[in-house]
Amino acid sequence: MTLINENYLHLEESYLFSKINQKVEDYQGKNPEANIISMGIGDVTRPLPHAVIEAFHRAVDEMAEKETFKGYGPEQGYPFLRRAIIENDYKPRGVKLSLGEVFISDGAKCDTANIQEIFSKDNKVAITDPVYPVYVESNVMAGRGGPLDKEGRYKNITYLPCTAENNFQPPLPEERVDLIYLCYPNNPTGTSLTKDQLREWVDYAMDNKSIILFDGAYEAYIQEERIPHSIYEIEGAREVAIEFRSFSKTAGFTGVRCAYTIVPEELEAEDTQGKTHQVNRLWNRRQTTKFNGVSYPVQVAAAATYTKRGQREIQESIGYYMENARIIRENLKEAGLEYYGGVNAPYIWVKTPGMSSWEFFDKLLEEAQVVVTPGTGFGPHGEGYIRISAFNSRKNTERAMERIKGLEF
Ligand code: PLP
């Protein structure tokens, strides 16, 4: 019989969202009158900007005419979008990129999951904990995880605990690691790293010849000057880092699908003979073999986010979500709960008042009819926390927070 990739057997079952849904369903079944509000949503709730929609429509119409129809595009993305990214997202921050360093894709999820396959299976991987689960699980599938222990940790992965005790700053690994996943602003903790804090990681990677995989999916939510928007704002980062960005949370593209990855030309890794290779060339080879590009209308729509009107509309949406985040923080403070994040990210990470993540989840569901995401779903060090999302309507946010504020802790 055909053999399977047994690494998949190591994967922990993903119970999180099915368990949440089951609990909500059971509660609603027993309390049909209850008006349950979900504050656990990790998806945008506002529609696409008008500027994007109009460009999207125009590009679809181009596909209907013989003269303007487009078939396969470049696997790396159309130059008009790659240029717009360089000019708008990087140049104003003093980061120079060439066209060949920008790769358009249909999501930061696939890019952050796929990037590991251009590196050896023998590499040691370090991942912050709690974390967006894709980094861990894509490495487990590839055979870099090893078996799962009782605490929910894969044996061969180096976990970097991020908790209130260390101010959510991942500690530098004690033993050398090859690949380091950093996500800032962070999902799920909503915390961020300053330039100096991120510099420590760039220095570590330079000293140890490691590579940082930097996920900046929430970059657009950064409000504070001291927070870097790109890892390439740090000197030397071009030699040690790959950066992932997405239009998903920036411009409401979660259902449209468009993202990009920056692989600098200076970035190198070696083979077992000690010969160095350009990582950019490997990623280009991988993409041109396995990926056929993002659809033309989607890339035109993404480019429209950089127009004046597009930028204004995007800022309006981000401002709306961040006002939700402010309302959440203010109410948590009044409720006397300890919380983190929500200043440069749409997520607020709340310390449970002396109970487990699931116990606090149950309390909020039963006593406030509010659904949150238990921190344990993001890794062992998420225990004792829950995540509240600012992706919601103002009305739901205000109602949910009023209810939480009225509880006894
Ligand atoms: N990276 C992080 C940290 C995320 O939280 C998400 C989505 O929630 C993604 C990447 C996925 O982005 P995309 O929609 O571009 O696949």
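Points worth noting:
- HN-Hα J in Hz across segment 222-236 - Karplus 6.51, -1.76, 1.60, θ = phi - 60°, x for Gly and Pro: 5, 10, 8, 4, 6, 9, x, 8, 9, 5, 6, 6, 8, 4, x
- The GluC sites (Glu not before Pro) of segment 183-239 that meet both conditions, a loop assignment by DSSP and at most 12 other Cβ atoms within 10 Å of the site Cβ, are E224, E225, E235.
- Among I388, I36, I180, the residue with the largest mean-square fluctuation in a Gaussian network model of the chain, with springs joining Cα atoms closer than 10 Å, is I36.
- Sparse-neighbourhood loop sites, chymotrypsin sites (Phe, Trp or Tyr not before Pro) in segment 36-110 - DSSP loop, at most 12 other Cβ within 10 angstrom: F69, Y72
- Solution diffusion estimate, µm²/s, Stokes-Einstein, segment 93-164, Kirkwood Rh from C-alpha pairs, 37 °C, viscosity 0.692 mPa s: 234 µm²/s
- Of S14, S230, S356, the residue with the greatest mean-square motion in the GNM of the chain, using alpha carbon springs below 10 Å, is S14.
- Principal axis dimensions, largest first and in whole angstrom, of segment 198-336 by Cα: 59, 42, 25
- Percent of Cα pairs exceeding the 17 Å cut-off, where the set is segment 330-409: 40 percent
- Counting neighbouring beta carbons within 10 Å and listing from fewest to most, the residues M206, M401 come out as M206, M401.
- Put in order of Cβ neighbour count within 10 Å, fewest first, the listed residues T352, T128 become T352, T128.
- Annotation: amide H-H contacts under 5 Å for D129 (H modelled 1.01 Å from N, sequence separation of 5 or more, or interchain): L160, C162.
- One decimal place: the segment A64-E334 gains 91.6 nm when fully extended, by the rule 0.36 nm per residue minus the C-alpha distance.
- 10 Å binning of all Cα-Cα separations within segment 53-307, expressed as whole percents from 0 upward: 7, 31, 36, 19, 6, 1, 0
- Computed Rg/Rh of segment 223-270, alpha carbon atoms with Kirkwood Rh: 1.07
- P(r) of segment 53-194 over all Cα-Cα pairs, binned every 5 Å from zero, in whole percent: 2, 8, 13, 15, 16, 14, 12, 8, 6, 4, 2, 1, 0
- Among the chymotrypsin sites (Phe, Trp or Tyr not before Pro) found in segment 307-400, not one is both in a DSSP coil and sparsely packed, with 14 or fewer other Cβ atoms within 10 Å of its Cβ.
- Size of charge dipole - segment 275-409 - debye, nearest 20, with Cβ of Lys, Arg +1 and Asp, Glu -1, no other charges: 1140 debye
- With the simple spin-label model, which puts each label point 7 Å out from Cα in the Cβ direction, the R285 to Q22 separation comes to 4.5 nm.
- Placing pseudo-labels 7 Å out from each Cα toward the beta carbon at T194 and A164 gives an inter-label distance of 2.2 nm.
- Nitroxide proxy distance, nm - points 7 Å out along Cα→Cβ at D207 and K308: 4.9 nm
- Sequence-distant residues sharing a close amide H with Y154 (under 5 Å, placed H): D149
- GNM remark for the chain: springs join alpha carbons under 10 Å apart, and the peak mean-square fluctuation among S38, S246, S105 falls on S38.
- Total lysine pairs under 23 Å (Cα atoms) in segment 263-409, excluding pairs fewer than 8 apart on one chain: 9
Every number here is computed from the coordinates shown, using simple stated rules; none is lab data. In this text the structure is predicted, and so the values were computed from the model without any measurement. A quick note on method: Cβ atoms are made from the backbone with ideal geometry, for glycine too, and the neighbour counts reach across all protein chains shown.
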